[in-house]
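Just below is one structure, and these are the notes that go with it.
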Amino acid sequence: MTAIGWVQIVLFFAVVLALTKPLGAYMFRVFEGERQPLPRVFGRIERFTYRLCGVDPAQGQTWPVYAFSLLAFSFLGVLVTYGIERLQHVLPLNPQHLAAVEPALAFNTAASFTTNTNWQAYVPETTVSYLTQMAGLAWHNFTSAAAGIAVALVIARGLTRKAGPLAGKTIGNFWVDLVRSTIYVLLPISFFYALFLVSQGVLQNLLPYREVTTLEGVKQVLAMGPVASQEAIKMLGTNGGGFFNANSAHPFENPTPLSNFVQMVSIFAIPSALTWTYGRMARDQRQGWALWAAMAVLCIAGVVTLYWAEAHDNPALHGLAQLQQGCGNFEGKETRFGLSASALFATVTTDASCGAVNAMHDSFTPLGGLVPLLNIQLGEVIFGGVGAGMYGMLIFVVLTVFIAGLMVGRTPEYLGKKIEAREMKLAMLYVLIFPLLILSFTAWALVVPYGVSSLNNAGPHGLSEILYAFSSGAGNNGSAFAGLNANTPFYNLALAADMLVGRFLMMIPAIAMAGSMVDKKVTPAGPGTFPTNGSLFVGLLVSVVLIVGALTFFPALSLGPVVEHFAAGAGRVF
Amino acid sequence: MAPKAKQLSLVDPSILRPAILESFKKLAPQLVAKNPVMFVVEIGSILTTAIWLRDVLSPSSGQAPTWFTLAVAIWLWFTVVFANFAEAVAEGRGKAQAETLRRMRQDTVARKVRFWPPTDDVPGISNEDIIPASRLKKGDLVIVDAGQVIPGDGEVIEGIASVDESAITGESAPVIRESGGDRSAVTGGTKVLSDRIVVRITVDPGESFLDRMIGLVEGAARQKTPNEIALHILLVGLTIVFLFACVTLVPMALYSGIRLGAPAVVALLVCLIPTTIGGLLSAIGIAGMDRLLRKNVLAMSGRAVEAAGDVDTLLLDKTGTITLGNRMATEILPAPGVRVEELADAAQLASLADETPEGRSIVVLLKEKHQLRGRETRGIAHFIPFSAQTRMSGCDLDQRHVRKGAVDAVGDYVKSQGGQMPEEMVQTAWKIADAGGTPLAVADGARFLGLIHLKDMVKGGIAERFARFRAMGIRTVMITGDNPRTAAAIARESGVDDFLAQATPETKMQLIKDEQGKGKLVAMTGDGTNDAPALAQADVGVAMNTGTQAAKEAGNMVDLDSDPTKLLEVVEVGKQLLMTRGTLTTFSIANDVAKYFAILPALFVGVFPELAPLNVMRLASPYSAILSAVVFNAIIIILLIPLALRGVRYRPLGAAALLRRSLLIYGVGGVIAPFVGIKIIDLGLAAIGLV
């Protein structure tokens, strides 16, 4: 561990912190303000879109209508992307003349991008055309991120809105939230962000792949494409699906330390800013900062552990005299980023359900690999995916308030609204689905030949790889312990189900929670109400997130990374 | 206090013995199924027992030792039995209280009236039927004479009687019950001491207070309260999560080359699911009702008890709650040019025949402060009683016309006699009123003699109680018919947060609605018929047992002692109930950390001996580790029964301080306790050579 390494980490948090308020305030104006910013430019596009689609922006939706709109929109998205993939050989912008994507893989990919997961069972350079990348996949990078923000907004509205005669049981309008997220937030930022990436050396063209002769005299094909435009939203929308197979480790996707730094910041930008937006909606900024603090504590704990683990010897190689390991575990890392920026990137990308990688998680030390895995298993709430982290964390807040509220001798209430049986049902449903998915699919894959045959590693590391895959799918992360060949019918279909259920079956309880909370009476806070904006609450929230996540997955983890760590220390490899 | 309020010790054998029997009876699956957490444990017990039988009958290699399987099975059964025991003890304590009441009810006979109003008695034909009390229906009329027990809840429609209600309230002094007005309600099971009353029965059989009380404390009529249901969902959810974590562990272990035995997996599962809170949850609820009953408050539902914990605003009647019932004279203030003795003499004359508490307090004051003894005036003085028209009383003696009464009334009287009330005295009267007192003026014919200061006496210690409430975050509002100045002064003195002066039933109702409109939960006490709408509107309405039937029906609690300050204790019981649930839930979940460290290394260490460092407690052997965790898990239920029954102590601290405290004790303590406990059990098992 080096001073410059720590400086990068501290600088990262400082920049994220500095962005939180301005971006959060901007988003509040966009989504909840009386008048949206830049009405001449964005407002025209917005109104035009509504007219085109026949949307009445003043019309509020109840939670079932909202949920139905979201599901219908997403379902249509799966179909369109599947269609483009299957027909790419007859569609334009295919200079490499790539064939149609196989059905199972096409379905997996369509599900993956619709759910903001961007799990990639395919090798992009040899599988998908430019049109598929741009129209089939990047489109979802925008809309799935916007859908996530939308769900975060409705649950925030549900919790913070004071019941009035006008609001009633409506929680907003999905189409309005979707359009505004895209037009006011995602598109403009991505536009300038892409220009910045081009300045750093990221590609942006539609040329056929180029064959070059390297200095060593070897012939090599260099993949080309519209990378920068895709790269921007890939990070900003916490999508993570790389234009190239190597993702952000590829020099054409992430060429410089500066581009690497900005990419990390852009992953956290919106999730972090949403906490400020939330505080503003709650009319108490400290409510938002409390969420931010809980997320930051968990994130910092992850970074420190990961950096520490990677800066030490690989335990399996420990004590081998002929090996100089002073530099730490450098396997699978890019030297232009180094240990610190790789550890930070891995933490940030798994905290935020982004899934872009700039180092191979599979090559981390057992404890180093445990951190990204656990980050995902905690429910992707440490900042989390755009919107998704917010609504996930708010569900944990409801759980925390319930347990803590009882302890102060009152019916638990959050922001003055009572948490009752119905909310607990929805919160538990949300919390249940996630481990059920991951554990059942993992257990299934581990005992069937078509599951185990995809493994490149035996023993505990193999278990970790499968566990990571299904965790990544259900958590809509999309990163992988890459030692697993996931492009098989079983994994394509199982992971598609994993991703779809992990996204939409968890969104529905969150939207329903908004509906159930929105018209509840608000009790004004007093000294008898338990404060949810102080350090005590932050500590409690962190504990609940850790306990719910860790207690559920600890048995599985102890057969994976934990055993691997202890066995490696004892000199045993598998 | 009456026998029913006797404090039963937690280990009273009269309760424990039947409870032990009961806890085995409750093993019936259809009864356990009501509690999903315990149901999972019971299924686990059956499964483990079956495996033990199989292992004994057809031994095979690779199985766990039979003694281990048997020990796990036994302790799993114990876990269920202990949880049943907790519930049985809670129910037993309630039953013990109900039993006395029930015995009392059984033998009562009722003299039912045939015709009402009675026609001329036909000789030889009685107007009464003698029937058992249990057959009385709503609307029946019964006659109760001195020495007889009132057969059912009802309303006095004719007569007045002194009634011994000690069986219900524990208060030995008899109370007066009379037809009409606010003292007409009588309770079945109480005894008429004097006179004869006619009572209209107001409840059908099986619905009387006694019946409801018995049903509630026995747990038979207990329905889950809203908050209990929500907690239940949390516990069931956690159970499902851990069920999956344990079931999926089997194939994962298989991949790793470990064959997990069913007893070990069941043991892990039972240790992880929240059995501690799951086993004690219903006992906590029953004990909450029971605690309230011990304070002589009968809640109509558990929901009301829970709501009491949430109360934000307390409406308290001034008289009887904040102040002693009556105003007392504290000083006399002579008018300029009048000697104190002169005023004292006149004041005494005017008050001697005044039997109101105020009048008596004047005589007492004069005797104590001005050494003025009582004198015989009967016959020589002509007394003028108080009337609402004149608002004065007094007496005419010789040529004197002594009057005392409201300042303006006496002022007018003086003027009518040709005198004048001094301007200074008007000022003094205002000052008295400002200070929360009531000025009474005294005059002798045309001469204005001075003022008597009557003061509302604020009850001792009430200010501290209100401070406690403020600390809890509860706002207190005093309701009074006084004018705003007087009300403000008493509010200041008693430390109440706010007041409603010149209150009428309508303004009271409006206040409740306003508070509720702001999202607050309101509690109030009341006794009169005109309180009924407000009692019904309030979230927690405590009716006084001495109050009218209408008031009792409208409220959701009845205070058998008719003590308005009881509301404070009701709130504490409600809070205690929720806190006990919360702390035990936290404790239960925090326990899991240690149990993981005990069981997981034990499960895997055979194939992965490198996992030994995870055995942080250095438990003797894998079998010992698993068994110790299971034993700890069962025993902790027994150990926590007293806490569940007594409730966590409530301290009037702010919410944040309270939470910090609970977290430290039950959260951090919950993490540490099982490490210690499991280690001790493990040492014990090793010492007896079992492992």
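The values are calculated or read from the model by the stated rules, or taken from the named source; none is laboratory data. The model shown is predicted, which means the values in this text are computed figures rather than measured ones. Positions of Cβ are generated from backbone atoms using ideal geometry, with glycine treated the same way; all protein chains shown enter the neighbour counts.
Among the residues making up the stretch A:20-37, a single one is more than 13 Å from A:Met281 (Cα to Cα) and touching a Ser or Thr at 6+ places or on another chain (Cβ under 7 Å): A:Thr20.
Here B:Arg651 passes the criteria (1) within 29 Å of the chain's Cα centre (by Cα); (2) more than 14 Å from chain A (Cβ to nearest Cβ) except the one numbered (2).
Criterion applied to B:Val668, B:Val605, B:Val631 was being touching a helix residue (DSSP H, G or I) at 6+ places or on another chain (Cβ under 8 Å) and under 30 Å from B:Ile474 (Cβ atoms), and the one residue passing it is B:Val668. Take the stretch B:487-519 and flag every residue that is basic (Lys, Arg) and touching a Pro at 6+ places or on another chain (Cβ under 7 Å). Within the stretch B:487-519, B:Lys518 is the sole residue that qualifies. In this structure, A:Pro527 qualifies as in contact with a Gly (Cβ under 8 Å, 6 or more places away or on another chain), part of a loop (DSSP other than H, G, I, E, B) and at the interface with another protein chain (Cβ under 7 Å from one of its Cβ atoms). Scanning the stretch B:433-455 for residues that are surrounded by 24 or more Cβ atoms within 10 Å (Cβ to Cβ) and at pLDDT below 85 gives a single hit, B:Gly437.
Meeting the requirement of 1 or more residues that are without any contact (Cβ under 8 Å) to a residue 24 or more places away in the chain and in contact with a strand residue (DSSP E or B) (Cβ under 9 Å, 6 or more places away or on another chain), the strands (runs of 3 or more DSSP E) wholly within the stretch B:460-536 are B:498-500. Please work out which residue is farthest from B:Ile637 (Cα to Cα), limiting yourself to the stretch B:561-572 and to residues that are part of a helix (DSSP H, G or I) and either facing another protein chain (nearest Cβ under 10 Å) or among the small types (Gly, Ala, Ser) (or both). Among them, the one singled out is B:Val571.
Scanning the stretch A:509-531 turns up no residue that is modelled with pLDDT of 95 or more and charged (D, E, K, R). Candidates are the residues of the stretch A:563-574 that are hydrophobic (A, V, I, L, M, F, W, C) and surrounded by fewer than 24 Cβ atoms within 10 Å (Cβ to Cβ); the one that is nearest to B:Leu614 (Cα to Cα) is A:Phe566. Taken over the stretch B:385-428, the residue count meeting the criterion of being farther than 16 Å from B:Ala346 by Cβ and out of contact with any strand residue (DSSP E or B) (no Cβ under 9 Å at 6 or more places or on another chain) is 10. For the stretch B:596-604, check the following and say yes or no: at least one residue is crowded, with 20+ Cβ neighbours inside 10 Å, over 30 Å from B:Arg465 (Cα atoms), modelled with pLDDT of 90 or more and more than 14 Å from chain A (Cβ to nearest Cβ). Looking for residues that are crowded, with 20+ Cβ neighbours inside 10 Å, over 30 Å from B:Arg465 (Cα atoms), modelled with pLDDT of 90 or more and more than 14 Å from chain A (Cβ to nearest Cβ), one finds none in the stretch B:596-604, hence no. A:Val90 fulfils the conditions (1) surrounded by 12 or more Cβ atoms within 10 Å (Cβ to Cβ); (2) outside any helix (DSSP H, G or I) except for a single criterion, (1). Of all residues in the stretch A:400-408, one or more are facing chain B (nearest Cβ under 9 Å), closer than 20 Å to A:Leu540 by Cβ and touching a Lys or Arg at 6+ places or on another chain (Cβ under 7 Å). Candidates B:Arg475, B:Arg485, B:Arg468: the one that is of a type in the set (Lys, Arg) and under 22 Å from B:Gly555 (Cα atoms) is B:Arg475.
Results for (1) surrounded by fewer than 24 Cβ atoms within 10 Å (Cβ to Cβ); (2) facing chain B (nearest Cβ under 7 Å); (3) touching a Ser or Thr at 6+ places or on another chain (Cβ under 7 Å), shown as yes or no for each residue.
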residue: A:Gly368; (1), (2), (3): no, no, no
residue: A:Lys418; (1), (2), (3): yes, no, yes
residue: A:Leu432; (1), (2), (3): yes, yes, no
residue: A:Ser440; (1), (2), (3): yes, yes, yes
residue: A:Pro449; (1), (2), (3): yes, no, no
residue: A:Asn457; (1), (2), (3): yes, no, no
residue: A:Ser464; (1), (2), (3): no, no, no
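Candidates in the stretch A:158-188 are the residues that are basic (Lys, Arg) and at pLDDT below 95; of these, the one that is farthest from A:Met506 (Cα to Cα) is A:Lys162.
Take the residues in the stretch B:471-494 that are crowded, with 18+ Cβ neighbours inside 10 Å and not aliphatic (A, V, I, L, M); name whichever of them is modelled with the lowest pLDDT. For the stretch B:471-494, the residue satisfying everything is B:Asp482. Looking only at the stretch B:264-282, decide whether some residue is at pLDDT below 90 and surrounded by 21 or more Cβ atoms within 10 Å (Cβ to Cβ). Yes, that holds for at least one residue. When the criteria are applied in full, A:Asp519 meets the requirement of being more than 10 Å from chain B (Cβ to nearest Cβ), closer than 23 Å to A:Ile155 by Cα and charged (D, E, K, R). Residues considered: B:Leu659, B:Leu578. Of these, the only one that is within 11 Å of chain A (Cβ to nearest Cβ), touching a residue at least 60 places away in the same chain (Cβ under 8 Å) and closer than 30 Å to A:Ser535 by Cβ is B:Leu578.
Of all the listed residues (A:Leu374, A:Leu320, A:Leu344), the sole one being in a helix (DSSP H, G or I), more than 14 Å from chain B (Cβ to nearest Cβ), of a type in the set (A, V, I, L, M) and surrounded by fewer than 24 Cβ atoms within 10 Å (Cβ to Cβ) is A:Leu374.
Only one of the numbered conditions (1) under 24 Å from the mean Cα position of the chain (by Cα); (2) at pLDDT below 95 is not met by A:Leu70, and that is (2). Taking the criterion of being in contact with a Gly (Cβ under 7 Å, 6 or more places away or on another chain) and more than 18 Å from B:Lys455 (Cα to Cα), the residues of the stretch B:402-418 that qualify are B:Val402, B:Arg403, B:Gln417.
B:Pro613 satisfies every condition listed in (1) part of a loop (DSSP other than H, G, I, E, B); (2) free of Cβ contacts under 8 Å to residues at least 40 places away in the same chain except (1). Among the candidates A:Thr214, A:Thr170, A:Thr160, the residue that is farther than 30 Å from A:Gln287 by Cα and of a type in the set (Val, Ile, Thr) is uniquely A:Thr214.
Taken together, B:Gly582, B:Gly684, B:Gly670 contain a single residue that is part of a helix (DSSP H, G or I), small (Gly, Ala, Ser), surrounded by fewer than 22 Cβ atoms within 10 Å (Cβ to Cβ) and at pLDDT 90 or above, which is B:Gly684. Restricting the stretch B:251-287 to residues that are at the interface with chain A (Cβ under 8 Å from one of its Cβ atoms) and assigned to a helix (DSSP H, G or I) leaves a set whose member that is nearest to the chain's Cα centre (by Cα) is B:Leu272.
The stretch B:289-382 holds strands (runs of 3 or more DSSP E) entirely within its bounds, and those carrying 2 or more residues that are away from every other protein chain (no Cβ under 14 Å), out of contact with any Phe, Trp or Tyr (no Cβ under 9 Å at 6 or more places or on another chain) and surrounded by fewer than 18 Cβ atoms within 10 Å (Cβ to Cβ) map to B:323-334.
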